[in-house]
Every structure is written in C-alpha cells, then in structure tokens.
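The values are calculated or read from the model by the stated rules, or taken from the named source; none is laboratory data. What you see is a predicted model, and the numbers here were worked out from it, not measured in a lab. Methodologically, a virtual Cβ is constructed for each residue, glycine included, from the backbone with ideal geometry; neighbour enumeration extends over all protein chains shown. Ligands, DNA and RNA are stripped out before the accessible areas are found, and what is left, the full protein with its side chains, is counted by its heavy atoms. Shrake-Rupley method; radii C 1.70, N 1.55, O 1.52, S 1.80 Å.
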Amino acid sequence: MSQRPWLLRRLFPLLATVGLIIIGMAGTIWGPRYYGKPGWALPDDLWGTMIGAQRLVHLNLAGLYTPPTQLVSLPGAAVILIPVVALIDAAGLSLGLPAAHAAHPGTWLLAGPYEVAISAVVLFAADAIAERLGVTRPRRFLLAAASATALWSVTIRWGHPEDAVATGLLLYAILALSQARTSRAAWLAGAAVAVQPLVLLAFPVLVFVVLPRRRPGFLARAAAPGVLLLAVAAAANWTATIHAVTSQPNSPQIDHPTPWIYLAPHLADDQVAAGPARILALVAACGCGLLAWHSWRAREMPPGTTGATGWSPDRLQEVLWWTAVALALRSAFEPVMVAYYLWPPLAVALIPASRDWTRLLGTGITAVVLTFFSQIHWHNPWSWWTPMIALLALTLFLARPRRLNQGRVSQRREPGLGAPAQVLPEPGEQFIADSAP
C-alpha cells in the first residue's frame, strides 16, 4: 500500500496551525474591546527581536544586541524573522515599538501569522514523532489540539517564536537520531541552539544515545552553527554581544521573581542576571542525563548504541520524556520567570503521553491548565513559582512512560540496544529450517 500524501499525513498540525492563526489574531484584534481597551493586545517582546532582524537585513551587525532589541538569545532568534521583516520593509510599513499613537500597527497583520507559521514546526515535528510511535489518528488529533493551545503562550501572548522553532528543530533532531541519522540530527540540534540556547539542556540526554565513536562529530556539528553566528555578532560589537549573551538580564519588576532571586547577581536598572542560574540548570541537566543513563542500564537498555533501523517506540518515548524533564530544569532554577518559560517541557511531554488515552488526557489537561494559569500577575517570589512548578511536575509525572517488565524489555529490544544473546537451534532444527520449501 502506498504511503499517504504529506498533506493527509500532517493534516492535524496543519489544521491546528491555521486555527491558532485565526483564533490568535482575532483575540489580539477584537479581544481587548471586551475589556474596554482601544489598542490591540500585542506581544511586546516580538518587536524588539524584529528590530534586530531589520538591522541584520540592513547589515547593521553591530546593532544586533543594542537597544531597543533587548535580544539575549543567539543571533538565530533574529535570523528566523528576516523574511517577514524584509516583507514589512518592502511594504513600506514602520517597525517602531507599539505605543499609544500606534495602537493598531499594520505590521502585526504580517508578523502575527508569520510567527505562528514558523513556530508550527514544533507541531509538525510532534506529529511526525507520534506517527513513528504508532499513535492512532484520533490521539494525534488531540495531540495537535493540546500542543497548539499551549503554543499560544509562547507565540501570540509573548512573541517568542525562537523558543518554538528551537524546540521543533530539537524534536526533529531526536526523530533523526531514532532513525540512525546521526549527522542530520547533529545539524538540526545545532540549528536549534543557534536559535535559542535553552535546548542545550537536552544535550546531556542526547549525547548518551549517540554511538560513542560518533559523539565527537555530533558535538562538533551541533556547536558549529551557534558558534559561527555568535562569532560574527561578537566581531561586530564584542561588548554588547558578550554582555547580553552571558549576563542574560531580566527584570523582576516586570516579570515573576522566584525564590532564586535572592541569590541572583543584581545589575543596573533593577535587573538581575539570569546567566549564572542557567549554568546551574545546565549542570543539573547533566545530572539528568546520568540518571537517564543509569535507568537504561538498570533495565538492560544500554545507551549510546543503535541499530541500522533505529530505536524501538519504547526507547523513543523514553528519550522524549527525559528530554522534557531536562527542559523543565530551566523553570526550576530561573531567578525571574515569564509564563512562556514553562512551555518547552509541555510541548515535548505531550508526545510520549500520546501513546495511550489515559496519559494523553491527563497530560493534555494539566498542560492547558498550566498554560493559562501561568498568565496571572503574581509577583511574590513564592506564590507564583510554587504552584507553577508543582503543575509542571504533575504534567511530567502524568506523561512518564509506563515501566515495562524485564521480559517484555528483553523481547522488544531492537538490534544494537543490548540485544539478548541469540539462541542457536539444535542441529536437527537447523536442518529442518534449512530444508523447508
């Protein structure tokens, strides 16, 4: 039987993308009227990144990390917005920050659908992985719906498509690894880091599932895109680039301070440096990778090996779940948080949960509740952070893979993943098998 056309295979993420664009744009344009606000509800953070992209279009590399861009990610975050910024320039529209005198900027009519469209890479990646996991189409439909609902926070609400693009590229890298395409996975993972370094938290998990002899090449390829882009930006303006990328300033006056605020280095203008806490999260992610490694070894599923045909569905869902746990560490250690920081582990955790209805429904409900509950404006270091981390932990708990008994693991292990020793038949059995017509 021939394979279905791509449009039919990816129908659910496509419909979810279109639905998010329509509902999201309608909510930003007409939603504020119900609250008596004349202006559109726009994601302010998106404008700064688009100004950075505009400077790249005009070859003003030195201005990439200078006000008002507010860019603290790697240059890839601005690179992905170059197409829409070029279109805005061609249309003669202004790219100034939204203000009272520009409460209905025409640029949003182009930028809004575009940012959702490129962010939808994570929806298509999730559906492709779910297909490889053997998830039924009704559950893939629910997966797309829940994933698109959670995606609203990072795109329409906050305007950070770089987080979604990076997470989507990371998922495609995991899919490539599951198919024994290590080189392709490395370049995809490297592109993800170049767009948003938060995906570095997943690298300790990925490194353990790469063949030991291929790890140096994997790491070299994965590092190349981000290092190259950062080197170009640093050469143009060393001081601004290094300050933005290493200190990662954030404002507790605007966003949600967490209990880690008391230990974070304080900067000028009442800001704090998030960089040290993110390094701590990366160290914790290394520990997460070791825990995953010991878990696989305890169950006789040695990491770092793969057969020619790739991983089994059980192995793939294990890697996805540990990846979600690693990504969640960012929220556990951030001194100042924004609601969309919670999104990456939710997006990944929904995929392994989609293998059965119970886990998918539970994980989907908690992910949606967390998405909207996190938008509340509480600024006490404990009152906002504590329930968010509790809900995030509950989501990961509900999404966790079900433990297989030792017999099933031994029977379903794919070649190269510590396959059990082959039992040779008796001579008479061999003769019968060889003589069979």
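Would you confirm whether any residue within the stretch 7-24 is part of a loop (DSSP other than H, G, I, E, B), among the basic types (Lys, Arg) and in contact (Cβ under 8 Å) with a residue 60 or more places away in the chain?
Among the residues of the stretch 7-24, at least one is part of a loop (DSSP other than H, G, I, E, B), among the basic types (Lys, Arg) and in contact (Cβ under 8 Å) with a residue 60 or more places away in the chain, which makes the answer yes.
I'd like the full set of residues that are in a helix (DSSP H, G or I) and in contact with a Gly (Cβ under 7 Å, 6 or more places away or on another chain), limited to the stretch 51-71.
ARG55
Here are VAL121, VAL135, VAL116: which of them is under 19 Å from the mean Cα position of the chain (by Cα), farther than 30 Å from GLY36 by Cα and not basic (Lys, Arg)?
Details: VAL135 fails: under 19 Å from the mean Cα position of the chain (by Cα); VAL116 fails: farther than 30 Å from GLY36 by Cα.
Testing whether each residue is under 19 Å from the mean Cα position of the chain (by Cα), farther than 30 Å from GLY36 by Cα and not basic (Lys, Arg) leaves just VAL121.
LEU71 - would you say it is among the aliphatic types (A, V, I, L, M) and open to solvent by 10 Å² or more (accessible area, probe 1.4 Å)?
In short, yes.
Somewhere in the stretch 93-111, is a residue within 22 Å of the chain's Cα centre (by Cα) and not basic (Lys, Arg)?
Taking every residue of the stretch 93-111 in turn, at least one turns out to be within 22 Å of the chain's Cα centre (by Cα) and not basic (Lys, Arg).
Regarding VAL85, is this residue at pLDDT below 95 and under 22 Å from LEU229 (Cβ atoms)?
Criteria not met by VAL85.
Tell me, please, whether a residue that is hydroxyl-bearing (Ser, Thr, Tyr) and either surrounded by fewer than 16 Cβ atoms within 10 Å (Cβ to Cβ) or in contact with a strand residue (DSSP E or B) (Cβ under 6 Å, 6 or more places away or on another chain) (or both) can be found in the stretch 131-144.
Yes, that holds for at least one residue.
Have a look at VAL165, VAL193, VAL154 and point out the one that is part of a helix (DSSP H, G or I), on the phi < 0 side of the Ramachandran plot and open to solvent by less than 10 Å² (accessible area, probe 1.4 Å).
Criteria check complete, one pass: VAL154.
Say whether the condition of being among the charged types (D, E, K, R), assigned to a helix (DSSP H, G or I) and surrounded by fewer than 16 Cβ atoms within 10 Å (Cβ to Cβ) is met by at least one residue in the stretch 35-43. Walk me through it before giving the result.
Applying the first criterion (among the charged types (D, E, K, R)) to the stretch 35-43 yields 37.
Narrowing further to those that are assigned to a helix (DSSP H, G or I): none.
The answer is no; no qualifying residue exists.
Please tell me if GLY48 is in a helix (DSSP H, G or I), open to solvent by less than 20 Å² (accessible area, probe 1.4 Å) and out of contact with any Gly (no Cβ under 8 Å at 6 or more places or on another chain).
On the way: in a helix (DSSP H, G or I): yes; open to solvent by less than 20 Å² (accessible area, probe 1.4 Å): yes; out of contact with any Gly (no Cβ under 8 Å at 6 or more places or on another chain): yes.
Yes, satisfied.
Based on this model, can you work out whether ARG221 counts as basic (Lys, Arg), buried (at least 16 other Cβ atoms within 10 Å of the Cβ) and in a helix (DSSP H, G or I)?
Yes, satisfied.
Which residues, taken from the stretch 238-283, are within 25 Å of the chain's Cα centre (by Cα) and assigned to a strand (DSSP E or B)?
PRO249, ASN250, HIS256, PRO257, VAL272, ALA273
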